Amino acid sequence: MSRVLILHTGGTLGMTGEPLVPDAFANALDEAVPELNELAQLETRILFNLDSSDVGPEHWTRLAHEIYEARHDYDGVVIVHGTDTMAYTASALSFALRDLARPVILTGAQRPLAAHRTDARRNLVDAVELATRGVEGVGLCFDGLLLRGVRATKSNVQDYRAFDSPGTAPLARLGVDVVIDEMAQRSTGRCVFEPDFDPSVLVVRVAPGMQAGLIERLAGQSEQFGGLVLAAYGLGTTPTRGPDIPSAVRTVVDAGIDVLVVTQSAGRIDLDKYENSRALRDAGAIDGGEMTVEAGTTKLMHALANVADRGQRREYLLENVVGEREG
């Protein structure tokens with residue numbers, strides 16, 4: 001029987017009360033979902049017990065260390081996590097544990113395990129089963145779908161199907177049968193373990209009438225900011241008349257801050273397509289391809305922590321490292 005490590009970090013699945021707060025988890029798991037023991041030999045560890053809005057780079061690093069050190073003792077890992085930042089953690093671990101020859105499956109729930117009509121039981125069972133199926137790399141399992149971790153984004157706070165991966169097919173579908181896509185990622189060599197992240201990244205969503213001066217001010221605080229993720233319109237356009245966003249980006253780039261452009265929409269960035277997008281390119285912004293906000297943010301944090309040379313860091317951000325830039 002496969003051995004699966006369950007790492008609990010908190011989230012709605014294990015919460016109780018009104019308002020919902022983190023609660024004890026490990027001791028009640030086998031009793032609440034006894035069928036898990038029919039799928040694998042389980043070990044559960046509580047790393048922390050947080051609302052996922054409190055989970056950040058230091059927790060990603062701790063998770064990466066825990067998984068890397070346990071990789072030879074378990075056939076797969078399941079991470080129980082709150083939904084609000086689950087896609088960020090899934091993206092971060094994708095960069096921190098490249099080519100890990102084990103499944104790492106994140107899951108959670110929209111309703112607590114103890115609630116009526118909960119989705120927690122199904123998601124847990126699905127995640128543990130997938131952790132025994134050899135689908136290598138980091139994935140996010142929710143409502144019968146396994147999504148590539150670095151392509152997932154939270155899309156709904158009310159439905160049980162809380163996550164989507166725009167432009168990218170699921171790695172697996174769990175219905176009457178478990179159907180695993182033939183293109184599911186397999187490791188290509190020895191794991192690249194780079195668990196560190198630099199949190200000095202700001203995310204700014206472009207909006208009509210936004211003042212360019214708000215961005216320019218970052219240049220005067222370059223010692224505090226290492227990177228800016230700019231969520232632009234469409235293929236990568238921003239205003240150039242009135243508020244001149246590209247000029248502000250040039251000021252920030254010249255101050256030593258890396259600017260990565262992602263789209264607010266489903267699809268990809270193309271900084272060559274329009275005059276207003278070329279202005280960003282000419283200002284020194286980096287094309288984010290198909291990266292989601294979650295993937296772009298965590299990749300920029302990862303790049304700042306692990307690639308000291310700015311030119312090499314730009315190349316890393318432009319590289320399709322774990323499938324984040326192309327579906």
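General remarks:
- Net charge of the neighbourhood of residue 304, taken over other residues with C-beta under 11 Å away and scored Lys/Arg +1, Asp/Glu -1, is 0.
- Helical runs assigned H by DSSP (4 residues or longer) give the chain a calculated mean residue ellipticity at 222 nm of -8500 deg cm²/dmol, each run adding -39500 (n - 2.57) before division by the residue total.
- Each of 72, 81, 8, 65 was scored by other Cβ atoms within 10 Å of its Cβ. Listed from fewest to most, they are 72, 65, 8, 81.
- Neighbour-count order for 85, 132, fewest beta carbons within 10 angstrom listed first: 132, 85
- Length released on extending from residue 264 to residue 315, taking residue separation times 0.36 nm less the Cα-Cα span: 16.1 nm
- Computed FRET value (nearest 0.05) for residue 224 with residue 99, which takes r as the C-beta separation and R₀ as 30 Å: 0.35
- In degrees, nearest ten, helix 86-96 long axis to first principal axis of the chain (Cα): 80
- With the charge dipole of the chain set up from +1 on Lys and Arg Cβ and -1 on Asp and Glu Cβ about the Cα centre, the Cα lying farthest toward the positive end among the listed residues 110, 89, 165 is that of 165.
- Full-stretch length increase - residue 244, residue 190 - with 0.36 nm per residue and alpha-carbon distance subtracted: 14.9 nm
- The residue list 240, 53, 297 was ranked by how far each Cα lies along the charge dipole of the chain toward its positive end, using unit charges on Cβ atoms, and 240 comes out on top.
- Burial ordering of 298, 238, 44, 153, fewest other beta-carbon atoms within 10 Å first: 44, 153, 238, 298
- Acute angle (nearest 10 degrees) that the helix 245-254 long axis makes with the longest principal axis of the chain, alpha-carbon atoms: 80
- For the stretch 201-318, the Cβ-based charge dipole about the Cα centre amounts to some 120 debye (Lys, Arg positive; Asp, Glu negative; other atoms uncharged).
- Distance histogram in 10 Å bins (all Cα pairs of the stretch 195-245, percent per bin): 23, 49, 24, 4, 0
- Ordering 153, 131, 142 by Cα displacement along the dipole of the chain toward the positive end leaves 153 in first place; charges were set at the Cβ atoms of Lys, Arg (+1) and Asp, Glu (-1).
- The chain: angle of helix 293-306 to the longest principal axis, Cα-based, in degrees nearest 10: 80
- Label separation (residue 114 vs residue 73): 3.0 nm, computed from points 7 Å beyond Cα along the C-beta direction.
- Plainly put, the stretch 3-193 has a radius of gyration that is 0.92 times its Kirkwood radius, both from alpha-carbon atoms, as the Rg/Rh ratio.
- Base-10 log of normalised Debye intensity for the stretch 145-247 (one unit scatterer per alpha-carbon) at q = 0.17, 0.25 Å⁻¹: -1.01, -1.29
- Fully extended contour minus Cα-Cα distance, from residue 177 to residue 45, at 0.36 nm per residue: 44.6 nm
- Electrostatic dipole magnitude of the chain [Cβ: Lys, Arg +1; Asp, Glu -1; Cα centre; debye, to 20]: 560
- Whole-angstrom gap from the stretch 65-137 to the stretch 174-253, using each part's C-alpha centre: 25
- Relative contact order (percent, whole number), the stretch 101-211, Cα cutoff 8 Å, 6+ residue spacing: 21
- When only Cα pairs below 8 angstrom with a gap of at least 6 residues are kept, the chain shows a relative contact order of 15 percent.
- Cα-projected label distance for residue 54 with residue 31, points at 7 Å along beta-carbon direction, nm: 2.4
- Computed log10 I(q)/I(0) for the chain at 0.08, 0.12, 0.14, 0.16 Å⁻¹: -0.37, -0.80, -1.04, -1.27, from the Debye equation with unit scatterers placed on every C-alpha and solvent omitted.
Every number in this text was worked out from the coordinates using simple rules, so none of it is lab data. A quick note: this is a predicted structure, and the numbers were derived from the prediction, not measured. Glycine gets a Cβ as well: all are built from the backbone with ideal geometry, and neighbour counts include every protein chain shown.
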